[in-house]
Amino acid sequence: MKKILLGIVLFGTIILSGCGNKTVIDTKYTFTKAKIVIGNEILELNVEQWRDYDDSDQIQIIDENGKVYLTHSSNILLMSE
């Protein structure tokens, strides 16, 4: 019974760890602001969520309005206040 309970707690912890801004193992990277270069324009956003991809240099940002931005990592600056 203790093993089952421990398994449920561990599974729940893993699932809930993805609810933050960005979590990798025990390290949480939280960014609240982003500046994205699009053409000649620089957008300043409030970050709700962000994601990077292991197999590429792309970063996805979801702003406070739910709008999704996907760009190369060289076009973005993530900041924490």
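Annotations
- Order of D52, D57 - criterion: other Cβ atoms within 10 Å of each residue's Cβ, fewest first: D57, D52
- Spin-label pair Q58/N40, simplified geometry with 7 Å Cα→Cβ offset, distance in nm: 2.8
- Were the residues from N65 through S80 laid out at 0.36 nm apart, the gain over their Cα-Cα distance would be 3.5 nm.
The numbers here are math on the coordinates, done by the rules we state, and not lab data. Keep in mind that this is a model prediction, so the values were computed, not measured. Glycine also receives a Cβ, built like all others from the backbone with ideal geometry; neighbour counts cover every protein chain displayed.
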